[in-house]
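Before any comments, here is the structure.
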Amino acid sequence: MTSISFHEKIALILSFLILNNYLFLSLSFPQLLIKINFLIFLLTVLIFYFKNFLENPFLKIFFLFIIFISLGTPVFEWDARSIWLFHAKRIFFDGSIFSVSDNYAKFSQNDLPNLIPAFSASLGFLLGYWNEVFPKLSFSLAFLPPLIFIYPFLKNTNYLIFLSIIFFIIGKYLFSGWADGLLAVYFGISAFLMYIFFIERFDFYRRKTFFYLTAICFFSSLTLIKNEGVVLLLILFVTVFLIKIYKGELKKYILNIALLLLAFLPIVMWKFFCFSKGIAYSHFINTNTLFNLLSRITDLKNYGQISYFLFLNEKFLISLVFLSVSFWLNRNMQLFRFIFIAIIMYIIVLFFVYLSTPYDFYWQLNSTAARVSKTLSFSLAFFGLYNLNNYRIR
């Protein structure tokens with residue numbers, strides 16, 4: 001790659017506008033500016049669609065279907081209705097992401113990051129009213145930056161396979177108002193950015209301010225989608241840190257790593273606000289966490305149950321087989337090492353979370369594992385495809 005592509009520029013603009021919307025609502029800017037910001041987002045999407053419709057037609061047609069499905073389906077599941085869209089509704093009526101400071105409706109976990117609910121509220125501002133259908137569309141629109149960004153790296157048939165992976169693994173989370181699908185996709189693309197910069201060493205990217213802007217936008221978005229995004233981004237930094245220590249290259253890249261750590265600043269500020277207002281969600285991390293962990297950690301049946309719920313589903317198994325075949329065909333050890341370390345660390349975190357949950361063990365697994373495993377499945381399938389893409393290019 002010798003130049004920044006149109007798709008990469010569009011992806012950066014869209015991701016920046018989503019974050020800018022969050023900033024405007026954080027600083028209580030007038031609604032007029034918030035509406036203008038959203039209109040610029042929609043105008044950028046139209047430019048992407050109509051500048052050259054025959055370029056990347058797969059995504060354009062695919063996303064039109066997602067929009068129609070999103071507008072034609074109601075919100076009825078608990079997390080979508082009573083957490084994410086409820087937060088968006090509060091922001092819409094109160095005009096600020098800080099409306100949670102009264103800790104009203106604790107069941108909705110008021111300390112959750114509000115990037116996507118804020119984006120939904122802004123669509124409500126633009127429309128001039130609130131309902132349970134149109135604002136949900138913002139969750140689908142937030143998929144556009146990563147889906148557009150990856151196109152120059154996976155062209156033609158491979159990109160069509162990529163969209164098939166998205167549809168197969170993310171499924172209804174593309175339009176249902178849940179944040180788990182967004183988390184999976186943003187993690188996959190954030191991991192890809194880490195990989196091409198620090199491991200694959202795209203010299204073109206390393207010399208460009210564009211990369212840092214793109215990476216910080218995607219990394220910050222990852223942390224502001226769900227709490228798990230903070231852990232996932234930390235895992236990526238630790239993965240790079242360990243690999244560079246192993247290769248003896250840490251000193252060479254320490255300033256680059258430090259610069260990208262700025263991506264944590266928005267979520268740190270949000271969590272500091274929540275802590276200062278006493279609205280931290282303490283159902284999970286409390287004095288019983290260690291007791292729950294110690295009472296379950298020695299029972300091998302618990303490990304079996306966690307493994308059953310996380311790994312014994314068709315999406316994870318197919319993704320794992322796909323990745324294995326990919327590395328059998330193209331034994332890219334640096335890519336394998338990177339994704340292996342990151343995935344293993346996330347699995348360890350998941351086992352710790354489930355073993356220490358304050359809720360009923362089986363209920364927690366049954367209600368969350370299918371959503372959580374999407375991040376694992378998508379990462380495996382995506383990097384398997386990228387590995388095959390490089391194999392076919394050679």
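All of the numbers you see were taken from the coordinates with simple rules; none came from a lab. Here the structure is a predicted model, which means the values were calculated and not measured. A quick note on method: Cβ atoms are made from the backbone with ideal geometry, for glycine too, and the neighbour counts reach across all protein chains shown.
Brief remarks on what is shown
- Size of charge dipole - region 283-393 - debye, nearest 20, with Cβ of Lys, Arg +1 and Asp, Glu -1, no other charges: 320 debye
- Scoring 246-259, 13-26 by mean Cβ neighbours within 10 Å over their residues and listing the highest first yields 13-26, 246-259.
- Ser373, Ser3, Ser367, Ser221 arranged by Cβ crowding within 10 Å, fewest neighbours leading: Ser3, Ser367, Ser373, Ser221
- Label corresponding to Cα Rg over 2.2 N^0.38 Å when calculated from the structure given, among (1) 1.02; (2) 0.97; (3) 2.16: (2)
- Label zone at Leu312 (point 7 Å along Cα-to-Cβ), backbone N below 11 Å, region 365-394: none
- Relative contact order for the chain, counting Cα pairs under 8 Å that sit 6 or more residues apart, in percent: 20 percent
- Simple spin-label estimate for Phe93 and Lys301 in nanometres, 7 Å along Cα-Cβ: 4.6 nm
- 3J(HN,Hα) from dihedral phi, region 91-96, Karplus parametrisation 6.51/-1.76/1.60, rounded to Hz, x for glycine, proline: 4, 4, 7, 9, x, 7
- Rounded to the nearest 20 debye, the dipole size of the chain about its Cα centre is 920 debye, using +1 on the Cβ of Lys and Arg and -1 on the Cβ of Asp and Glu.
- Least to most buried among Arg296, Arg337, Arg331 (fewest other Cβ within 10 Å first): Arg331, Arg337, Arg296
- Taking only the Cα atoms of region 66-108, the radius of gyration and Dmax are 12.3, 36 Å.
- The phi-based Karplus calculation (6.51 cos²θ - 1.76 cosθ + 1.60; θ = phi - 60°) puts the 3J(HN,Hα) values of region 310-322 at 7, 10, 8, 9, 4, 5, 5, 5, 5, 5, 5, 5, 4 Hz, whole numbers, x for Gly and Pro.
- Packing rank of 319-330, 71-82, where each peptide gets the mean count of other beta carbons within 10 Å, highest leading: 319-330, 71-82
- Legend: ranking of residues Met345, Met333 from fewest to most surrounding C-beta atoms inside 10 Å; resulting order Met333, Met345.
- Mean residue ellipticity (222 nm) of the chain, computed from DSSP H runs ≥ 4 via -39,500 (n - 2.57), nearest 500: -22500 deg cm²/dmol
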